[in-house]
Each structure stands twice: as structure tokens, then as C-alpha cells.
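Report on one structure; see the data block that follows.
The values are calculated or read from the model by the stated rules, or taken from the named source; none is laboratory data. The structure displayed is predicted, hence computed values, not measured ones. We place every Cβ from the backbone using ideal geometry, glycine too, and count neighbours over all the protein chains shown. Remember, those area values only see protein heavy atoms, side chains included, never the ligands or the DNA or RNA. Shrake-Rupley method; radii C 1.70, N 1.55, O 1.52, S 1.80 Å.
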Amino acid sequence: MSRRRQIAAAAAVVLAVAGCFALGRYGAYLVHAVAISAIAALGLNLLTGFAGQISFAQGALVGIGAYTAGNLGNAGWGAGAVLAGGVAGGVASVVIGLPALRLRGLYYAIATLAAQFVLEYLFKIVEPLTRGISGMNVSPLVLLGRTVASDQAYAALSLALLAITWAGLQRLMHTNVGRSFLVVRENELVARGMGIDVVRVKLWAFLVSGFVTGVSGALVAFTTRLATPEAFSLQLSVDQVAMLIVGGQGVWAGSLLGATFVVLVPEAIQRAGEAFKAANLLSASREMAFGLLIILFLVFEPRGLAALLRRLGRALSRLVASRASRASPTPAALATSRYPATGGSREKAH
Amino acid sequence: MRKPISRLSAILAALALAAPLAALADVSVCVWGTITGPDAGVNGMSYGTVAYLEHLNQTQGGIAGQKVKVLLLDGRYKLDEELKIYRRCVDQENAVLVKGWSTGSAKALREQVQQDGVPFVSETFSSEVLDPAKYPFLFIQGATYEQQMLIGLRAAKAQGARKVMLMHGDVEYGRAPVAVVRKSGDIEKMGLELVDTIEFRYDAQDLTAQLLRVKSKSPDVVYIQASTPQALVILRDAAKVGLSAKLFIGNMYNIHPSIPEQLGAAAEGFRAIQLYSNYGDAIPAMKEIEAFKARNTVEKQDLYFMKGWFGGKFIAAGIASAIQKNGGKPPADIKAFRRAVRDALEALKDLDSGGIAPPSTWANHQGPTQARMAEVKGGKYVSAGEWVNAQ
Amino acid sequence: MLLLQIATAGIATGSVYALIAIGIVLIYKCSGVVNFGQGGYVMLGAYAAYALTRLGLSPQLAAAGAVLILAAVGALTELLVLRRMLKAPVVAVMMVTLGLLILFRAVCLAIFGPDQIAFPQIFPQGAVDIAGIFITYNYVAAAVLSLVLSLAFLAFYRYTPMGLMQRAAADNSRAALAVGIHVSNQVSVAWAVSSALAGLGGVLLATLNSLSLTLSSIGLVAFPVIVLGGLTSLMGSLVAGLLLGMLEAFTDGLLTPALESFLRAHTSVYSVGALQQVVPYMLVGAMLLVRPQGIFGQRGTERV
């Protein structure tokens, strides 16, 4: 990224964070819901899009972050609680990831599914740490001696953390560890041949991805104010994978686009359809649109919204350009309109 | 690369501004329930309230002459969805009162409700949100799960039961009340003995082995703290191991036609706690419902719709009294209006619900604490006995 | 006596698991796709049968009709969706089947509403007394049907030309193409058969549990079954289904009570919760580490 673009991006973030305070509570809630989901989706994107491992345990990892941060936050840890949520998420992710060193593709996915169920069960019965099914009440986050209470403040905080995470991950990809993620994803044998310690690289991917997901979990705890096992169920894991698919794997913007889509599209359908007053059908059509869109994306645009938007942008600028010069697009322009493949692992279990 | 963030916030800001703001003069009430989702079978509780308020709009021009704007939303029994809806109701719809659904949402919101100063009526029966001193804005509508359990066990004891077993799902409203009753020692105080407690998976498809465990302890009564689908599986598998449905008592969510319809003879003798009159009973409220039905569709014609209608009467009575105290006009300031409604709700005395429940006083924030038993006889639930008080 | 009773209960539920798992394995064997949406077809089958009885068909005819409808739905799924995703990564295919599940649930929700509905009786009322457990004819039918069907499929794959073609298509699609087998047609057939099976499973389940959207969650219960049995083995699904049914029953009937009475006597812990929910998945975790191909599966390239 050029220096100028960096400054522009930083300014945009500052503006967006400041803009949160102009929103109403409902608007602010939507912003932090999107931002928090996007942070976890960034974690998943690192794992799936850049390191080639699928996970259905995101829900449980968010839960681990939430319970850790909730407990420590209640004990007065403040900002440290958010960090600790991340660390706990990272450690748990490595533990879940260990079998992945021996399994791949589908089998790893099923292993994470098993981990999701076992953790969900533990959330329910380890009452001293989680308060069990009743759920754990979480006091508001205390940051620099001040209590963060309003939705607007949480929206600003979540957006800021999203930007930091994003920038951090982008940085990471320019380090040796980050570059080796890509090599391992494309071909493990080649990676070995290049002298990359594949096991270590994978463990790094699990650690970082889990850390990011855990931070998102910490924010969930402080914004929800109640951590219950039901909130960290398989449903959340599926939603996370859906965000990745719809947004686009292997592109950081895909995580934000996917989270925006999964959180806001049902709400938009709801608002648009409310005029008809059929609450029953409204929810059904909301679900139907959601399922259908997932299928359509996978079939027609597997690289997700990120690729779709980019194509759309190119088409638009081409249109503008051709209007301006009154010339038809050159073959070269058509050829570059295809987004370079950065999709996930293409290997099958068999 | 970072542009999407600013684009996103622009979209959000537009969305937030474009949403219709309720005119302050209106009386706006917000209701959410599980319209679709795991416990949608009892969502008559939400439909009933909306129907009653619409009924007032149609027949009396609203509450105390003010049209009521009622919004029904689907919380889908998902905490994040419910939290989002709450914010929309308070922030955008300017609701003077919010009627929410799950125990979880009531617990997650109990402090915010306090800060916002919004009267919040919940469908839950959890004792954890019932504390007029600590949560003065929270109201529930009837006997708590714990009270229901004790009423059921007392009825069993009257018939000579001694050994008690409890069965509950692995969800919030299953485990918590059972633990409260178990730890309180109330069962022993009643002269009964708790021989075992079984927690089972909420979406269990088969509970035969659990019922073998029940059988091995040979209890005189088994109380079920779960919803209709679970009660159905329990009764089905009870028949499998040769236990009669007479042994089982369920809570107020176990009165559902699918139980006798699906199980036939295996459901005969099953009893459940009834807090509200049946749909179709010969009570004054039913006349209103019939009148409403002549002009509108009644979404759910069951006991839970009756609870909803009852909740509507409670809410309307509170709002009406608040408006009257202000000289027949709603207070212009929404904060003051909310406060006034809360105070009015708490001050309601001997509220007549048209026979849906006994007359109720609301200083306790839960209204009626009476219940009666309903028993499956000849494929139908038949109400047995008089209203019994939990105290 | 109690042991026998628990085992009987376990076999009764296990046979339903097996039926669902067989459907998943059928598709996987033929096309390498793991259908996370199998539960959706189960639910769809039950609702289709219910709709047909509402149209006036007898329950038995309606069940048969539902099986046919589901076969068509399965074939259509393959034609319209899966065929376009032949080169897609395995995550994408998994996700698309999840998308189908969400879609099917929404469709049933829109048409039939969210409430639990009593399901018409297909089998005569009554029960067989096995070791003091009254197994209703529904369960007997489910057990017998899944046994018969698994054996029939085994025989079909082993002894018929069509079965041979299916096996060839699954084993090496290029080689199969080279010898003139229409591979994609074979995959369509597999989807049709698998969905029909799921539909039948749904009808059976609904006669046991009544009709609701939660029928679709049975798909997830079937996953431990296919991992234990091995993704490629029909026999494995059958055996693992029965095993898992028994394991759950023994967890509920023996392990949990024993654990709880010990814990209540010696610690402040009162309950271990719904332990049976995780026992299958713990077993799956262990199995994946020790023998990822399952009890009956063929050793492939699952491990690096």
C-alpha cells in the first residue's frame, strides 16, 4: 500500500470511528454487530483463505474469548480482559488445530465440528467458569478508568479494533511467517522443499486466527452483557463460514463484506417487508433469501462479494472511460477484468 | 483497501436516518416473540397481545382515546436478534412499553431496561428477573416456574405421592428453576422426597434410556420442566417402558393439542399446569375475542393466545391509567410517559381480565400467582379443579 | 435385564441413524460430496408426506409419494446445483449443502408454519414386548427397513451392472468415462436414491416424533455415525448407526446415573448435563486421531 493510500485509509477509519457517536443506539448496535462479526471473520479468513484449513469451531472459540474476558472483566481487568480473551482463543485454537497436523480437508472440518460440540457442552457444565446454562452476567468494560456503557462507544471501539486487526493481519502477510502461509496453502511439499517448517507455520496460523477470534468474543461478552452457551452454538460457526463464502476467501475485505451481508441483509429484508405485516412469512422469506444467496454465490461467484464488487467497479470505470473517449473497451481491458484467483484450498479429501 | 469501512458507515447512517420515526404523540408499543423458531408453538402469547391492542384501536379508538401503534417483531429465540430488536423499539420506535420474550433476553437487558427507564414485560416466568426492588421496570405475567412446580407437586402430594423426580432440558429455563427448587429444600418441607433429577438434551429424539432410569427409581410423580416437543418424547418413551402418563406433570407450556393427537392413549392422564383459561371457555374475555375474530384472523386459537390477550389487558390498563393521571393526554416527554406507565402498572389492583386469570394485583410485578391443573382425558385437555394459589 | 432393555432401546434409535447415514455415504461414495444438508431432505420427506395426506391420499400412499418426490428433488439438486460445482473446493461444496438446508427449512416454514404438527399414523398402532420394552411397530418398521435397505444396497453395488457402474464412477471417474460410463448420470442417480432414502427416514421419524422443523437436525446426529463407520462404507454406516444408538442409550441409562450418583455423593457437582450429546463426538475425535478412515472405511489419503 502506498503511503498516500495508508493515510487515506487511516483518515477513513478515524472518521468512521468518530461517526459512531452521531448514530442512534440501534444504528450503533448494527455497527458493532457487524464490526465484531467481521473481526472473527478475519480470523477465519486467515485460517481458511490464507492457510487452507476449514473450521466449524468458530462459535466455540468466540465463546472461549467471551467467557475469559467476561470473568476477567468482572474481576476488574479492564483492557487486559480483551487481550486475555484473545490469548485464550489463540491457545484453544492451537489445541483444536493439533489434529489438523494429521488430518486435512473434510476430516479436519469434522474434527472441528466435534470440538464445537464438546466445547458447547463444557460451557454448559463447567459452572464455576461459565455459570452454566443460566449464563454469566458481564459488567461493562472499563477502559482507562472509564466505564464503556453506550452502544455508540462500543461501536467506535469495535470499529477501531477491526481496523487494527485488519492492518495487523495485512502486516503479518508481509513477514516471513505470512508468506509461508501462502506457500503451505498452495503446496505443502513445495513448502517443505523450500525449507519451511510446515508444522510451525500451521500452528502460527491457528494461534493468530484464534487470537483474533477470541478478541471478537471478548467484545461479544461486553456488548451482550450476558454470556450463554446458546450464543456460541454451531449456528454461529455456520454464520461465520457463510460470511467467508459470501464475502470472499483470501481477501481481507471479504471478511467485512461478508459480515455486513450476513448481519444487515436479513435486517434489510425485514424492514422492507414489514409493510406487509406478515411476521410469519417475513422470517421465512428472510431465511429463504439467505439460503438462496449462499447457494447462488457459491455456484456463480465462489470468490464472493469482494470479487463481485471489484468486477462491478471495473465495469463501471470502463463504462465511464468509454463514455469519455467514445471508444469500445479494448481486449486488454476485458482480459484484466478477471480477478486473479486467490480462492481457498482446492484439494478434496480424496 | 480500507474504504469499505467508510462506505459501510455511510450506509448505516442512511439506514438509521431513513427508518421511520414514530410520531411522539402516538402511543407506541413494541412486542417481540418467537414468531418462527424453536418455541414458536406458544407464540400466541405475542399474537394475543397485539390482537388485544388492535381490538382496542378498532372498538374504542385505542387506549384512553389514543390510537396505539403496535409493532410485532420476530426475535427467533436468538439473543442477539432480541437485543437488536430491543434497541430498535426503544431508540427508533419510541415505544412507551416493550413486551419481550425469552428469559435470556430479560436477563441480558435487565440493567439496560433500568437505565432506559422503559417498562419491560417479559414472557418469561423466571424468578431471576422478578425483583420489584432491584428491577423496578421489569414485569412478568403469572406464577414463576418454581411456583408452578410447587403447585404441581402439591397437587400430587394431595393424591398421596411421596417420591418425586424432576426432568428438565439442558436449556436456561430447564436447569435454573429446577436447581432453585432443589436447593431451596421446598420439596422436603412439603414432606416429599426428591429421588432423582434428570437433565436431557433439549432436542432429544429419544429418551427411552432416561425413562428406564425413571422406572428404576419408581417415583410417585415426575415433574417435567420443558416444552411441548420434549414432553411429547417423554410421554412416548414412558409408554415404551410401561410407565403411565398419569405419573407425569408438566409446566404451563405442555398444554398443546399435538401431544394427545400424536400419542393417543399414551397421553391419557398427563397433567399440566394451567395459568390461564382455555381458548373457548365461557368467560367474558372470550366474547371480546369472538368479536375480534369476526373482523380479523386470530393467528393462534389456544391457551397461549389467552395469555397474550391477558398481557394486552394488563398493558392497556397501565397505559390508560397513566394517561388519565396526566389529564387525559399522554405526557409529551417519552421519558416521563414511560415512568408514568411503570408506576401505573405497579399500582394496578384487582385487575379484571375477563376471566382469563383471577383478578390480579401487580405490586409484586407478576400479577396472578394462581394456577390449576389440566388433564388429558379422551384426547383433550380438561381443566380440573379450582385456581390454587402458589403461596 | 436392564442391560437388555437399554440395548433394545439403543438398537431402535440406532436403526434410524443408520438409515440417514446410509444416504450420506451413498452420495459421498459416488461423488465425493459430503451432504451436510441431509437433514433437510429428511424434513422435506416428512412434510411432503404430510402434504399428500392433506390432499386426501392414504398415509401409506402418501409415504410412497413422498419418497418419489424426494427422489426428484435429489436429482434436481444434483442437476441444478452440484453439477455446476464440480471443480469447487471442498469447503464450498459443504457450504452449498448447508445453504440448501437453510433454504429447505425456510420453504417448509413458509408453507407449513413453525408449529409442531401431529403426523398421520402409517403403521398400525401397537407394540412388541422385547425384554420388557414395548417397541412400537413404528420402530420395528424403521429397524427392519434400514436393515433391509442397507443389505439391498450392498447387494446392488456388488451384483448389478448399475452398481458396478456406480462403483466405477466413484472410484475413478476418468477411467469410468474412458470405458463409456456416463459419470454425471451416475451421480444424479446417487443423489436421487440418497434423497429418497432421507425422505423415507423423515417419514419414519415423523411417525415417531411428530412433524416439526427440528427433524432437520437429525442430519448432524448422523455425522458421528459416518465418521465412525467410515465415509465410504455402507455396511459401516449400518454397524456404526446401531453402535452409536446403543452407546447413547448406555450413556443415558448406565453411565450418567452412575457418574451422577458418584459425584453427588463425593463432590458438590450435581449433574453432568446431557452427556450423551457429546459422547459420540468425543468418540469421533478419538477415532479421527487413531483411525480416520473409520471402522470399515478404506484407507485413503485422509492423513497427510
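With loop defined by DSSP as not H, G, I, E or B, and exposure as at most 13 other Cβ atoms within 10 Å, which is the longest segment of chain C clear of exposed trypsin sites (Lys or Arg not before Pro)? Don't jump to the answer; show the numbers that get you there.
Values: sites that count: C:Lys87, C:Arg299.
With trypsin sites (Lys or Arg not before Pro) excluded where exposed in loops, chain C gives C:88-298 as its longest stretch.
What does the average come to when, for each residue of peptide B:69-81, you count the partner chain Cβ atoms lying within 10 Å of its Cβ? Before the final figure, lay out the partial values.
On the way: counts 0, 0, 3, 4, 5, 8, 1, 5, 1, 5, 7, 10, 4.
The per-residue average across the peptide is 4.
Can you give me the accessible area per residue for the protein assembly as shown, using a 1.4 Å probe, in Å²?
Numbers: 37950 Å² over 1045 residues.
That works out to 36 Å² for each residue.
With a ≥ b ≥ c taken as the square roots of the eigenvalues of the C-alpha gyration tensor of the range C:189-304, please select rounded if a/c is under 1.5 and otherwise prolate if a/b is larger than b/c or oblate if it is not? Could you put the intermediate results ahead of the total?
On the way: a/c = 2.84, a/b = 1.36, b/c = 2.09.
Oblate shape, in that a/c is at least 1.5 and b/c is the bigger or equal ratio.
How far apart, in nm, are the 7 Å Cα→Cβ label points at A:Met194 and C:Ala265?
Roughly 6.1 nm, to one decimal.
Helix B:303-325: angle to the longest alpha-carbon principal axis of chain B, degrees 0 to 90, nearest 10?
40
From the helices alone, meaning DSSP H stretches of at least four residues, give me the mean residue ellipticity at 222 nm for chain A, per-run term -39500 (n - 2.57), in deg cm²/dmol to the nearest 500. Before the final figure, lay out each step's value.
Numbers: 15 runs with 251 residues, N = 350.
That calculation yields -24000 deg cm²/dmol at 222 nm.
For the range B:193-203, take each phi angle, set θ = phi - 60°, evaluate the Karplus expression 6.51 cos²θ - 1.76 cosθ + 1.60, and give the result in whole Hz per residue in order, putting x for glycine and proline.
For the range B:193-203, the Karplus curve yields 10, 8, 8, 6, 10, 10, 9, 10, 5, 5, 9 Hz.
Which whole-number percent gives the relative contact order of the range C:2-217, counting Cα pairs below 8 Å spaced six or more residues apart? Present the calculation step by step, with values, prior to reporting the outcome.
Working: 297 pairs, mean separation 94.1, N = 216.
Relative contact order comes out at 44 percent.
Using a 10 Å cut-off around each Cβ of peptide C:266-275, what is the average number of partner chain Cβ atoms that fall inside?
Values: counts 0, 0, 2, 3, 8, 13, 4, 13, 14, 6.
Taking the mean over all residues of the peptide, I get 6.
Rg and Dmax of the range A:3-336 over Cα atoms: what are they, in angstrom?
For the range A:3-336, the Cα-based Rg and Dmax read 20.9, 72 Å.
According to a simple spin-label model (label point 7 Å from Cα along Cα-to-Cβ), what is the distance in nm between B:Lys287 and A:Ser2?
Result: 8.1 nm between the two label points.
I'd like the carbon and sulfur percentage of the solvent accessible area for the protein assembly as shown, probe radius 1.4 Å, heavy atoms only, ligands and nucleic acids excluded.
Working: 24080 of 37950 Å².
Whole-percent figure for carbon plus sulfur exposure: 63.
For chain A, list the DSSP H helices whose alpha carbon atoms reach 30 Å or more along the long axis and whose average Kyte-Doolittle value is 0.0 or above? Before the final figure, lay out each step's value.
Values: long enough: A:105-125 (31 Å, 1.20); A:151-172 (31 Å, 0.86); A:198-224 (38 Å, 1.50); A:252-273 (32 Å, 0.99); A:279-300 (31 Å, 1.74); A:304-325 (31 Å, 0.47).
Taking the DSSP H segments of chain A (at least 30 Å long, mean hydropathy at least 0.0), we get A:105-125, A:151-172, A:198-224, A:252-273, A:279-300, A:304-325.
Between helix B:284-295 and chain B, what is the angle of the helix's C-alpha long axis to the longest principal axis, kept within 0 to 90° and rounded to the nearest 10?
Between helix and principal axis, roughly 60 degrees.
Of the candidates C:Ile24, C:Ile218, C:Ile133, which one comes out as most mobile in a Gaussian network treatment of chain C with C-alpha springs shorter than 10 Å?
Of the options given, C:Ile133 has the highest mean-square fluctuation.
Taking a label point 7 Å from the Cα of A:Ala75 along the Cα→Cβ vector, which residues of the range A:136-159 have an amide N closer than 18 Å to it?
A:136-143
Compute a Gaussian network model of chain A, connecting alpha carbons closer than 10 Å, and tell me which residue from A:Leu189, A:Leu305, A:Leu234 fluctuates the most.
Per the Cα network of chain A with a 10 Å cutoff, A:Leu189 tops the list.
I want to make sure I understand the PRE zone here: with the label point 7 angstrom from the Cα of A:Ala22 toward its beta carbon, which residues in the range A:151-174 have backbone N atoms less than 15 Å away?
Residues passing the 15 Å test: A:156.
Which helices of chain C meet both criteria: a Cα extent of 27 Å or more along the helical axis and a mean Kyte-Doolittle score no lower than -0.5, with helices taken as whole DSSP H segments?
Values: long enough: C:2-31 (43 Å, 1.72); C:59-80 (31 Å, 1.74); C:90-112 (33 Å, 2.64); C:137-159 (32 Å, 1.37); C:183-209 (38 Å, 1.20).
TM-like helix candidates: C:2-31, C:59-80, C:90-112, C:137-159, C:183-209.
What list of whole percents do you get for P(r) of the range B:268-391, with Cα-Cα distances grouped in 5 Å bins up to the one holding the largest distance?
Using 5 Å bins, I get a P(r) of 2, 10, 17, 18, 16, 15, 11, 5, 3, 2, 1, 0 for the range B:268-391.
Relative to the compact globular guide of 2.2 N^0.38 Å, what is the alpha carbon radius of gyration of the range A:60-203, as a ratio?
1.27
How much mean residue ellipticity at 222 nm does chain B get from its helices, if each DSSP H run of length 4 or more adds -39500 (n - 2.57) and you divide by all residues, to the nearest 500 deg cm²/dmol? Display every interim value, and only then the final one.
On the way: 13 runs with 165 residues, N = 391.
Counting only the DSSP helices, I get -13500 deg cm²/dmol.
How much FRET efficiency would the formula 1/(1 + (r/R0)^6) give for C:Leu61 and B:Arg295, where r is the Cβ-Cβ distance and R0 is 51 Å, rounded to 0.05?
Numbers: r = 41 Å, r/R0 = 0.80.
The pair C:Leu61/B:Arg295 has a calculated efficiency of 0.80.
Using a basic spin-label model with each label point 7 Å from the Cα along Cα→Cβ, how many nm lie between C:Leu254 and A:Arg323?
With each label point 7 Å from Cα toward Cβ, the separation is 7.7 nm.
Calculate log10 I(q)/I(0) of the range C:2-217 for q = 0.10, 0.12, 0.15 Å⁻¹, where I(q) comes from the Debye formula with a single equal point scatterer on each Cα and nothing for solvent.
Log10 of I(q)/I(0), two decimals: -0.47, -0.66, -0.97.
Take the alpha carbon atoms of the range C:197-225, find their center, do the same for the range A:51-93, and report the distance between the two centers in whole angstrom.
The range C:197-225 and the range A:51-93 have Cα centres spaced 35 Å from each other.
Where does each of B:Glu193, C:Glu78, B:Glu288 land when they are ordered by accessible area, with a 1.4 Å probe and the largest first? List each step's numbers first, then the result.
Working: B:Glu193 80, C:Glu78 5, B:Glu288 55 Å².
So, going from the largest accessible area down, we get B:Glu193, B:Glu288, C:Glu78.
Under a straight-distance cross-link criterion of Cα-Cα below 18 Å, which lysines are reachable from B:Lys240, leaving out those fewer than 8 residues away in the same chain?
Within the straight-line cut-off, B:Lys240 pairs with B:Lys215, B:Lys217.
Using a Förster distance of 22 Å, how high is the FRET efficiency between A:Ser139 and A:Ile164, based on the Cβ-Cβ distance and rounded to 0.05? Spell out each step's value before the answer.
Working: r = 24 Å, r/R0 = 1.09.
Computed FRET efficiency for A:Ser139 and A:Ile164 comes out at 0.40.
Treating the angle as unsigned and between 0 and 90°, give the value, to the nearest 10°, between the Cα long axis of helix B:44-60 and the longest Cα principal axis of chain B.
So the helix axis and the longest Cα principal axis differ by about 40 degrees.
Kirkwood hydrodynamic radius for the protein assembly as shown: how many Å is it when counted over pairs of different Cα atoms?
Numbers: mean 1/r = 0.0333 Å⁻¹.
The answer is 30.1 Å.
Please tell me the relative contact order of chain B in percent, rounded to the nearest whole number, where contacts are Cα pairs under 8 Å and at least six residues apart.
Working: 756 pairs, mean separation 73.0, N = 391.
After rounding, I find 19 percent.
Before anything else, pin down the relative contact order of the range B:247-391: Cα pairs under 8 Å, at least 6 apart, normalised by residue count, whole percent.
Details: 199 pairs, mean separation 41.8, N = 145.
Computed over the range B:247-391, the figure is 29 percent.
For a quick check, take a GNM of chain C with Cα springs below 10 Å and name the residue from C:Gly236, C:Gly245, C:Gly56 with the largest mean-square fluctuation.
C:Gly56
What does the extension gain come out to for B:Asn364 and B:Asp350, with contour length at 0.36 nm per residue minus their alpha carbon separation? Intermediate values should be presented prior to the final figure.
Values: separation 14, 0.36 × 14 = 5.04 nm, distance 1.25 nm.
Difference between extended and current length: 3.8 nm.
Given R₀ = 41 Å, what would the calculated FRET efficiency be for B:Lys246 paired with A:Ala272, taking r from the Cβ atoms and rounding to 0.05? Don't skip to the answer; put the middle values down first.
Values: r = 52 Å, r/R0 = 1.26.
After rounding, the FRET efficiency stands at 0.20.
Summing -39500 (n - 2.57) over the DSSP H runs of n ≥ 4 in chain C and dividing by its residue number, what mean residue ellipticity at 222 nm do you reach, to the nearest 500 deg cm²/dmol?
Working: 12 runs with 211 residues, N = 304.
When only DSSP H runs of four or more count, the value is -23500 deg cm²/dmol.
Using the structure shown, select from A:Lys202/C:Lys87; B:Lys84/B:Lys307; B:Lys67/B:Lys300; B:Lys69/B:Lys329; B:Lys293/B:Lys349; B:Lys69/B:Lys300 the pairs with a Cα to Cα distance greater than 27 angstrom. Display every interim value, and only then the final one.
Details: A:Lys202/C:Lys87 25 Å; B:Lys84/B:Lys307 25 Å; B:Lys67/B:Lys300 24 Å; B:Lys69/B:Lys329 16 Å; B:Lys293/B:Lys349 29 Å; B:Lys69/B:Lys300 21 Å.
Table pairs above 27 Å Cα-Cα are B:Lys293/B:Lys349.
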